[in-house]
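> Pasting a structure below so you can have a look.
The values are calculated or read from the model by the stated rules, or taken from the named source; none is laboratory data. Note that the structure is a prediction, hence the values are computed from the model and not measured. Please note: Cβ atoms are built from the backbone with ideal geometry, for glycine as well, and neighbour counts cover all protein chains shown.
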Amino acid sequence: MKHLLALLMLCIATPAWCQQPCAPSYVDVPKDKGIARASSSANLVKSDDSIGVQVPRLLREAQEQLAKAEPPDRKVCSSACPVVGQPALVTLSVVPTTFLKKYADADKCEGMLKRTSTQPFKFGPYRAHSEKELTAWLTDVSRGKGRDGTTLYAKCDGKCSPRYFMDVARDGDGFVANLKVVCGPARDKKDNTYAISSGYRWACKARG
């Protein structure tokens, strides 16, 4: 009883001490989306529909329009933790559009999808001066280049294909990015296209 009374007095004196964490703590709201080609030829000549052109464009436009972003419906967060301020981060996703139906690692890749959907592989923070530098990092990781790319291909191996989810924040004159990767079913390389989308991450913060 004495412990309970002491806890109650502490909560009265310092309400923030007893506040429960917001759940969810943030909400991601889509902005733009499109389809981009990952073929070497498309990216080499920098065609308008290549990943090398589309990804930095989405990131740049999202950053330029961040200050004008309209907040989502307050109900997307809990009533005790409404959306506040401006978006905390710009988000980007790059996911294959077409997958193989029958292949040797199908069961393995389905299992990887279940595990990494809740516990994705994480890379970063990565600092860059421009959206093009961020795209170059993402491209290297996706091709198994560099330390991060080598680590990813060792974990998401066999026929399994990665899905990429990046969040980007301003860092002085540049950016800092974190990358989460979900490993899942094998993509159909004959199609070789990805669904790409940008968005904003809004924080849900407790009242008071």
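> Identify all residues within the range 81-103 that are over 30 Å from residue 188 (Cα atoms), in contact with a Phe, Trp or Tyr (Cβ under 6 Å, 6 or more places away or on another chain) and not in a loop (DSSP other than H, G, I, E, B); write none if there are none.
Correct list: 83 only.
> When both residues are 6+ apart or on different chains and their Cβ atoms are under 7 Å apart, which pairs have a first residue that lies in the range 146-158 and is under 14 Å from residue 123 (Cα atoms), and a second that is basic (Lys, Arg) and surrounded by 13 or more Cβ atoms within 10 Å (Cβ to Cβ)?
Pairs that qualify, where the first residue is under 14 Å from residue 123 (Cα atoms) and the partner is basic (Lys, Arg) and surrounded by 13 or more Cβ atoms within 10 Å (Cβ to Cβ), are 149/143.
> What is the residue count in the range 160-186 for residues that are at pLDDT below 95 and charged (D, E, K, R)?
3
> Just one of 206, 154, 136, 177 is part of a strand (DSSP E or B) and of a type outside the set (D, E, K, R); which is it?
The conditions single out 177.
> For the range 157-174, what are the residues that are within 21 Å of residue 114 (Cβ to Cβ) and part of a strand (DSSP E or B)?
161, 162, 163, 164, 165
> Going by the structure shown, is residue 78 buried (at least 16 other Cβ atoms within 10 Å of the Cβ) and either in contact with a strand residue (DSSP E or B) (Cβ under 6 Å, 6 or more places away or on another chain) or assigned to a loop (DSSP other than H, G, I, E, B) (or both)?
It is false that residue 78 is buried (at least 16 other Cβ atoms within 10 Å of the Cβ) and either in contact with a strand residue (DSSP E or B) (Cβ under 6 Å, 6 or more places away or on another chain) or assigned to a loop (DSSP other than H, G, I, E, B) (or both).
> Could you grab me the full set of residues in the range 104-114 that are touching a Cys at 6+ places or on another chain (Cβ under 8 Å) and either surrounded by fewer than 16 Cβ atoms within 10 Å (Cβ to Cβ) or not in a loop (DSSP other than H, G, I, E, B) (or both)?
108, 109, 112, 113, listed by residue number.
> Given the criteria among the small types (Gly, Ala, Ser), in contact with a Lys or Arg (Cβ under 7 Å, 6 or more places away or on another chain) and more than 30 Å from residue 86 (Cβ to Cβ), does residue 158 qualify?
yes
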